[in-house]
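Visitor: The structure that follows is given in the form of C-alpha cells.
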Amino acid sequence: MHSYRKVIPLRVKKRMAFINITPQVQEALRESRIREGLCLVNAMHITASVFINDDEPGLHEHYARWLEQLAPYDPSPQRYHHNRTGEDNADAHHKRQVMGREVVGLTAPDPAPKGSRGHRGDSQCRDPTAAVALCPKLCPRRSTQCHLSAPAAA
Amino acid sequence: MHSYRKVIPLRVKKRMAFINITPQVQEALRESRIREGLCLVNAMHITASVFINDDEPGLHEHYARWLEQLAPYDPSPQRYHHNRTGEDNADAHHKRQVMGREVVGLTAPDPAPKGSRGHRGDSQCRDPTAAVALCPKLCPRRSTQCHLSAPAAA
Amino acid sequence: MHSYRKVIPLRVKKRMAFINITPQVQEALRESRIREGLCLVNAMHITASVFINDDEPGLHEHYARWLEQLAPYDPSPQRYHHNRTGEDNADAHHKRQVMGREVVGLTAPDPAPKGSRGHRGDSQCRDPTAAVALCPKLCPRRSTQCHLSAPAAA
C-alpha cells in the first residue's frame, strides 16, 4: 500500500473566512501519484471545518450570517461557559459542528464514471476537493492547518 | 488492492424527498465481491445529502419541517444573495450542511461482531447502507446521482 | 491488507451525555498494530454521534442547551410524528444530524508531520480519537456501542 500525507497551512486574519483549498488538494494528489483510493481532508483545528460546497460569494455571505444566527459570537462567559476558560471562541466550536469536520473523497483517475452527468459544482465532489470554512480563529497569530491523507493503491 | 465504483442515479420530482438507497448500496456491495474494507457513499450534488438514519415517515416529515425552519426556501435574492446567480436553491445548500454529505461505512462479511447487540435501525449502520435526503432539486429535469466507492481488500 | 475491528460498549444513564472515548480508541489502535491507514469510529445507534471536539465541561454544557433549542425533547406525538411509533426519541434523531455520525481519522505513527504546529485539542484530531455525544437513549437498559474499524497497511 502506498500513502501520502501533506499539511496545507492557512493563515486567516478575520474571525471567519471561507477559503477554497481545491487547488492545494489537487496539487497534493498529483504529488502523491496515487491513482485510486480514498482521500481524507481534515481541518486540524476543532473550530474549523472542511466541507464541499459551492465557492460562490453570495452563498458564503449567507453561510456566515446563518452560522451567526445559529451560534452567535459572544466572548462573555455568560452565554457560553466554555469562555470561562479564557478563550472567546465557544461559538466557533458550535459552528464547526454544523459545517462538519472532514471530507472523505475518491482519488480516481477517471472523474466521471459511466452514467454520470455534469453539473456546476460536481467537479468539487468528483475529485476529493473542498472548500474550507474557517470559523473564528483559535488564537491570534496562529495559522490553521489542513491535513491531507491518501492511503491508497499506487 | 481491489476497488469497485458505481453510480446510483436518482430522479426526484419534488423539491425535497427522502429516498432509502440501502437496497442499491447492498446490491453494489454484492457486485463488488469485496469482503472487507471501507465504503464511501457520496451524494454527487452539493444540495443533496447521504446520511444514515431511520426510514420512518414520521421522522422524515419532521426532518423536512425542521430543515425548512432552519433554512427556509426563498427563491428571492433578498434573503439569500446566492440566488442572485439565477438559481433558487440557496436554502438547499444550507440544508445539505445540516444533514451531512457522505457516509463512510464498513463492508464486513460479519455484520455483527462479538459483543454487539441488535436494535431497530442498527442494520442501517452495521452495513454501509444509507438513506439519502434530497433537498431542493438543483435544476428541473436533472437527476441526482449517488456514487459508491469501495476500495478494499478483495 | 490488514484490518482490525472492535466494539466499544457504552452505558449511559441520562438522556444525553458526552463521553470521551479517546483512550478506548487509542488502546484499540495499539491492539491493531496498524501503523498507517484510515480509522473509522462509528456510533452504532442512529440517535448517537461520534465527533471530535474539546472535552471541556463548559462546552458540553452549552452543546446540550444548544441541541435542546434546535430540537427540543418532546415525547408527545404532536410535535414529532415519529413518536407515534411508541418511541419518544425523535428529538435525538435530529440532534444526531447536527452533531454528525462517524469520524474518519488517520492512524499514523508520526502524529505531527513536518510543518504542523501544536494547539490544545490538536491531539484529538491528529490521532483518530473522538469524544462521543450520546443523545437521548434509544431504549432503557440498552447500551450504546461504538465500532472502530481500521482497514490499513500493517
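Visitor: What are the label-to-label distances in nm, one decimal and shortest first, from residue C:11 to the same spot in the other copies, with labels 7 Å along Cα to Cβ?
Guide: Nearest first, the other copies' label points are 5.3, 5.3 nm away.
Visitor: Now for a different question. How many nanometers, to one decimal and shortest first, lie between the label point of residue C:74 and those of its other copies, if labels sit 7 Å from Cα toward Cβ?
Guide: Label-point separations across copies, in nm and ascending: 2.3, 2.3.
Visitor: Out of the trypsin sites (Lys or Arg not before Pro) in the stretch A:26-67, which ones are loop residues according to DSSP with at most 16 other C-beta atoms within 10 Å?
Guide: Taking the stretch A:26-67 and a limit of 16 other Cβ atoms within 10 Å, the loop trypsin sites (Lys or Arg not before Pro) found are A:33, A:35.
Visitor: While we're on this one: Enter the mean number of other protein chain beta carbons within 10 Å of the beta carbon of each residue in B:40-52, as an integer. Show your work: numbers first, answer last.
Guide: Numbers: counts 7, 0, 8, 2, 7, 4, 12, 4, 1, 1, 0, 5, 6.
Neighbouring Cβ atoms belonging to other protein chains average 4 per residue here.
Visitor: Considering amide H positions built from the backbone, and no H for Pro or chain starts, which residues 5 or more places from residue A:106, or on another chain, come under 5 Å of its amide H?
Guide: Amide H to amide H, under 5 Å and 5 or more residues apart or across chains, residue A:106 pairs with A:39.
Visitor: Would you please give the residues with an amide H less than 5 Å from that of residue B:80, counting only those at least 5 places away or on a separate chain, with H modeled from the backbone geometry?
Guide: Counting only residues 5 or more places away or on other chains, the set is empty.
Visitor: Where along chain A is the Cβ that lies nearest the axis linking it to chain B, and how many Å separate them?
Guide: A:104, 3
Visitor: In percent, what relative contact order does the stretch B:19-99 have, based on Cα pairs under 8 Å that are 6 or more apart in sequence?
Guide: Across the stretch B:19-99, relative contact order equals 29 percent.
Visitor: On to the next question. Which entries of A:14/B:95; A:95/B:6; B:95/C:14; B:6/C:95; B:6/B:95 have Cα-Cα distances beyond 28 Å here?
Guide: Flagged as over cut-off: A:95/B:6; B:95/C:14; B:6/C:95.
Visitor: Amide H to amide H under 5 Å from residue B:20: which residues, 5+ apart in sequence or cross-chain, H placed 1.01 Å off N in plane?
Guide: It is B:132, by chain and number.
Visitor: Please compute the average number of Cβ atoms from other chains found within 10 Å of each residue's Cβ in peptide A:84-91.
Guide: Per residue, the number of nearby Cβ atoms from other chains is 3 on average.
Visitor: Taking every residue in A:5-13, how many Cβ atoms of other protein chains lie within 10 Å of its Cβ, on average?
Guide: Partner Cβ neighbours, averaged per residue: 2.
Visitor: Here is a follow-up. Estimate for me the total accessible surface buried between chains B and A (protein heavy atoms, probe 1.4 Å, no ligands or nucleic acids), in Å² to the nearest 100. Present the calculation step by step, with values, prior to reporting the outcome.
Guide: Working: alone 9100 and 9090 Å², together 14980 Å².
Summing both sides, the interface buries roughly 3200 Å².
The values are calculated or read from the model by the stated rules, or taken from the named source; none is laboratory data. Note that the structure is a prediction, hence the values are computed from the model and not measured. Using ideal geometry, Cβ is built from the backbone for each residue, glycine included, and neighbour counts are taken over all protein chains shown. Note: accessible area is taken over every heavy atom of the protein model, side chains too, but ligands, DNA and RNA are not part of it. Shrake-Rupley method; radii C 1.70, N 1.55, O 1.52, S 1.80 Å.
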